[in-house]
C-alpha cells in the first residue's frame with residue numbers, strides 16, 4: 001500500500017478537516033518551543049556580548065594585562081611592555097548611563113590610529129577627524145546605536161559617568177560586526193583628560209608569543225597580571241552560568257506540557273479514525289504503516305509549530321534580553337547585551353526540539369493505533385480496555401521512579417558532585433514522570449471517593465460524568481497531568497519566591513541599617529567598582545547632622561582562581577550605630593571580632609559550600625602584598641551576588657591593597673535628625689556638581705524588592721504560557737471525549753436530553769479534572785519546591801532560604 005497516499009488521505013485531510021483542533025495543537029507546540037527559544041536566545045545574546053566585550057577593540061590580540069584588583073592602573077608600565085612587544089594596545093574604559101534612554105553604554109578610550117582598521121566600513125563624512133582629536137568630548141558611536149535613536153555626527157549625548165554628568169559629542173559613526181551596539185569609542189588621551197583619568201589605563205591588550213609573554217610577565221608590577229582572552233571569557237560565562245542554566249530548565253517545563261498537549265491531539269485522530277484504521281488493517285496494512293501515519297501527523301504539527309515558535313521566540317527575546325540584561329547588571333556584572341542573537345545552528349536546534357516534542361507525544365498513540373484490530377472498527381469505546389492490564393505495572397513503575405527521583409536529589413544535596421544541580425533536575429523530571437504513571441491510580445481512587453457526592457449533587461449529569469471518567473481513565477489522566485504539571489510549576493516557583501522573599505526581608509533587616517545610602521548614579525549594580533570623588537565624603541562629613549559614615553569599597557579579587565566580590569567596610573562605625581534598627585548578640589560578636597586586630601573575614605554560603613569551608617577555617621587571599629591568611633569568623637547569605645562574597649574590615653584594604661577610596665557609603669544621622677529634611681539638604685549641596693543616587697533606608701529596601709520582583713519576570717511569563725498550554729490540552733481531551741462519545745450523545749439527545757445538559761456534563765468533567773489536577777499539582781509542586789530550595793538553590797546560588805508556605 002502506498003504510504004504517501006495514505007498520509008494524504010488519512011492525515012492531511014484530517015488536519016484540514018479538523019482545523020480547530022489542528023490550530024490549537026500548533027499553537028500549543030508553538031508556545032512551548034517559543035518560550036524555550038526566547039530564553040535560549042536571550043542567554044546566547046548575553047554570551048555573544050561577553051565574547052565581543054572580551055575581544056574589545058582589537059580582535060587580533062590574545063592576551064590582556066589587567067590589575068588583579070580589577071581597578072585602573074598607572075600607565076607607566078606600557079612603555080616597558082611596548083619595548084618588548086609592539087603589538088600592544090593600551091585601553092581605558094568605563095560604563096556610562098544615559099538617563100534619557102535608560103541605556104548603559106561601554107565607553108572605551110584607545111589609540112584610534114592603531115585600532116581604526118578594525119572598525120569596519122567608515123564612509124566619507126561619517127567621521128569628523130579634526131573634531132575627534134581636537135574636542136575632548138568627541139566620541140565614535142556604532143551605526144546600530146545611531147539608527148536606534150536617529151543620531152548623526154555633531155549631536156550631543158548627556159550621560160552619567162562615574163559620579164558626574166557629562167556631555168559627549170558624536171564625531172563619527174562606525175559600522176562593525178564585532179563592536180557591540182552600545183559601545184562608545186574615544187581617543188585615549190581625550191578620555192583620560194575629559195574624565196580626569198590622566199595617567200591611568202584599564203588594561204593593555206597584546207598579541208604575544210610564549211617567549212615574549214614570559215619577558216612581559218617579568219617586567220610587570222606585583223599587582224598586574226596577564227590573562228588570556230579565553231580565560232577572561234570563561235570567567236564571565238562561569239559568573240552567570242547558574243542563572244542561565246536554571247532559567248533554561250524552567251522553560252523546559254513548558255516543553256513537557258506541550259508533549260502532553262500533542263499526545264492528546266494525536267489521540268483524538270486515532271479515536272476519530274478508528275473505523276478507517278480497522279478497514280486498513282482488514283485490507284492488509286501492516287502495523288508499522290499505521291504507526292508511521294500518526295507519527296507523521298505529529299511531525300507535521302511539530303514542525304509547523306516549531307517554525308511558528310521560532311518566530312514567537314524571536315519576538316519574546318526582544319523583551320527577555322532586556323530583563324536578562326537588567327538582572328545580569330544588578331546581580332553579576334555591568335554589561336550591555338546586543339540585540340537578540342540567533343545562529344543557523346540554533347534554528348536547527350529549535351526544530352529538533354519541535355521534532356522531539358512530536359516524536360515523544362506521537363509514539364504511544366501511534367503504537368496503540370497499530371494495535372487496533374479490524375473487528376474493533378465498530379467498537380466506539382474499546383481503546384481504554386488494553387490499558388487496564390497494565391494498572392499494577394504503571395503504579396509500581398511510578399512509585400519506583402518517584403523514589404528514585406527523591407534519592408538522586410538527596411544524593412546531590414549531600415555529595416554535590418557537580419557545580420550545577422544536574423542530578424537535582426534529573427530527580428525533578430523523574431518525580432514528574434513517576435506521578436504521571438501514578439496518575440491513573442490517583443484518578444481511580446478519587447472517582448470512587450467522589451462518586452456518591454457528585455451523583456447526589458448533580459443527579460443524572462453526575463452519573464454520566466462518573467461513567468465517562470471511569471471508562472476513560474488513562475485519557476483523562478493525560479489531561480489531569482497536563483494541568484498538574486502547570487500547577488506544580490506555579491506552586492513550586494511560588495513557594496520558592498515566597499520563601500526567598502521572606503528570607504530576603506530578614507537579610508534586609510540585618511544589613512540595611514543605616515539612615516542614608518549614597519552611590520554614583522552611573523552604578524546600576526548592587527556593588528559599585530569605580531571610586532567616588534574624595535570631595536563628596538569631605539562635604540558630607542562637615543554636616544552637623546552626621547553621626548558616622550560607613551565607607552564601603554568593592555573589589556573583584558581572585559579566590560581559588562575564580563573571581564569573587566570583596567567588600568571592605570568601616571566595621572567600627574557599623575557596630576557603633578547599627579543596633580538602633582537591628583541587634584543580634586551573635587552578629588554583634590562577629591562584628592566585634594572583625595573590628596579587632598585579628599585577620600578575620602566573613603564569607604558567603606556559596607563560597608563555604610563550594611570549597612567545603614567552616615567557621616574557624618583559614619583561607620588564603622591573594623593581595624598585592626602576597627598571599628595572606630584570614631580566619632573565617634562568619635558564614636552568611638549574600639543575596640546581592642551569586643559569585644561569592646568576602647567581607648573585610650577597611651583596615652585590610654589599606655594595609656594589603658594600598659587603597660583607601662570609596663565606591664559607595666552609608667550615613668548614620670544623630671538622634672532627633674529628620675532624615676527626609678537632611679536628604680533634601682544633601683541633594684541641594686551635592687547634586688548640582690555630582691551625579692549621585694541618594695536614598696533613605698526605606699527607599700533602598702523598596703528598591704531591593706523591586707529588583708527582586710524584576711529578577712523573576714521571565715519566570716512569571718513561563719508560568720503564564722504553561723497555563724495556556726495546559727488549558728489547550730484540557731480542551732483537546734474534552735474534544736476527544738466528544739468524538740468518541742458521539743453515539744452516546746446522539747442517544748441522549750434522542751431520549752430528550754438538551755444541549756444544556758450536555759454542556760453541564762462537559763463543564764462538570766473539565767471542572768473535576770481541573771480540581772483533581774490542581775490537588776495533584778500542589779503535591780508535586782511542594783515536593784519540587786523542597787528540591788529547588790534545599791538543593792538547586794544551595795548548589796547554584798548558595799543562598800540561605802527558609803521554607804515558608806503562604807498563608808501558613
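The values are calculated or read from the model by the stated rules, or taken from the named source; none is laboratory data. Given the structure is predicted, the values throughout are model-derived calculations rather than measurements. Here Cβ is always computed from backbone atoms with ideal geometry, including for glycine, and neighbour counts include all displayed protein chains.
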Q: Determine whether the range 173-190 contains at least one residue that is under 14 Å from residue 131 (Cα atoms) and touching a helix residue (DSSP H, G or I) at 6+ places or on another chain (Cβ under 6 Å).
A: yes
Q: Please go through the range 407-428 and pick out each residue that is under 20 Å from residue 486 (Cα atoms) and in contact (Cβ under 8 Å) with a residue 40 or more places away in the chain.
A: 424, 425, 427, 428
Q.
The conditions are (1) in a strand (DSSP E or B); (2) surrounded by 23 or more Cβ atoms within 10 Å (Cβ to Cβ), and residue 517 fails exactly one of them. Which is it?
A. (2)
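For every residue, the table says whether it meets (1) in a loop (DSSP other than H, G, I, E, B); (2) in the same structural domain as residue 141 (by TED's automatic domain parsing); (3) within 22 Å of residue 64 (Cα to Cα); (4) in contact with a strand residue (DSSP E or B) (Cβ under 8 Å, 6 or more places away or on another chain).
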site	(1), (2), (3), (4)
157	no, yes, no, yes
173	no, yes, no, yes
178	yes, yes, yes, no
186	no, yes, yes, yes
192	no, yes, yes, yes
204	no, yes, yes, yes
Q.
Going through 137, 108 one at a time, which residue ends up being at pLDDT 90 or above, in contact with a helix residue (DSSP H, G or I) (Cβ under 7 Å, 6 or more places away or on another chain) and under 29 Å from residue 661 (Cβ atoms)?
A. 137
Q) Would you pick out the residues in the range 268-295 that are within 30 Å of residue 724 (Cα to Cα) and either in contact with a strand residue (DSSP E or B) (Cβ under 9 Å, 6 or more places away or on another chain) or modelled with pLDDT of 70 or more (or both)? A) 270, 291, 292, 293, 294, 295
Q: Test residue 738 against the stated conditions and say whether it is at pLDDT below 75, surrounded by fewer than 23 Cβ atoms within 10 Å (Cβ to Cβ) and assigned to a helix (DSSP H, G or I).
A: yes
(Q) What's the number of the only condition in (1) in contact (Cβ under 8 Å) with a residue 40 or more places away in the chain; (2) within 21 Å of residue 643 (Cα to Cα) that residue 534 fails to meet? (A) (2)
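A quick yes/no check of all residues on (1) out of contact with any helix residue (DSSP H, G or I) (no Cβ under 6 Å at 6 or more places or on another chain); (2) at pLDDT below 85; (3) buried (at least 17 other Cβ atoms within 10 Å of the Cβ); (4) at negative phi:
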{"position": "159", "(1), (2), (3), (4)": "yes, no, yes, yes"}
{"position": "167", "(1), (2), (3), (4)": "yes, no, no, yes"}
{"position": "198", "(1), (2), (3), (4)": "no, no, no, yes"}
{"position": "201", "(1), (2), (3), (4)": "yes, no, yes, yes"}
{"position": "209", "(1), (2), (3), (4)": "yes, yes, no, yes"}
{"position": "232", "(1), (2), (3), (4)": "no, yes, yes, yes"}
{"position": "243", "(1), (2), (3), (4)": "yes, yes, yes, yes"}
{"position": "250", "(1), (2), (3), (4)": "no, yes, yes, yes"}
Q: Quick one: in the range 520-547, of everything that is over 23 Å from residue 698 (Cβ atoms) and touching a strand residue (DSSP E or B) at 6+ places or on another chain (Cβ under 6 Å), which residue is surrounded by the most Cβ atoms within 10 Å (Cβ to Cβ)?
A: 522
Q.
Restricting to the range 769-808, name every residue that is over 24 Å from the mean Cα position of the chain (by Cα), surrounded by 21 or more Cβ atoms within 10 Å (Cβ to Cβ) and modelled with pLDDT under 85.
A. 769
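Going by what's in this entry, would residue 801 be described as in the same structural domain as residue 496 (by TED's automatic domain parsing), in a loop (DSSP other than H, G, I, E, B) and touching a residue at least 12 places away in the same chain (Cβ under 8 Å)?
yes
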Q) Has the range 494-509 got at least one residue that is modelled with pLDDT of 85 or more, surrounded by fewer than 23 Cβ atoms within 10 Å (Cβ to Cβ) and farther than 18 Å from residue 789 by Cβ? A) yes
Q: Select the strands (runs of 3 or more DSSP E) contained entirely in the range 604-660, then report the ones holding at least 1 residues which are within 25 Å of residue 509 (Cα to Cα).
A: 626-636, 645-649
Q | Single residue of 679, 714 found to be modelled with pLDDT under 90 and part of a helix (DSSP H, G or I) | A | 714
Q: With the condition kept exactly as written, say whether any residue in the range 37-56 is at pLDDT below 80 and assigned to a loop (DSSP other than H, G, I, E, B).
A: yes
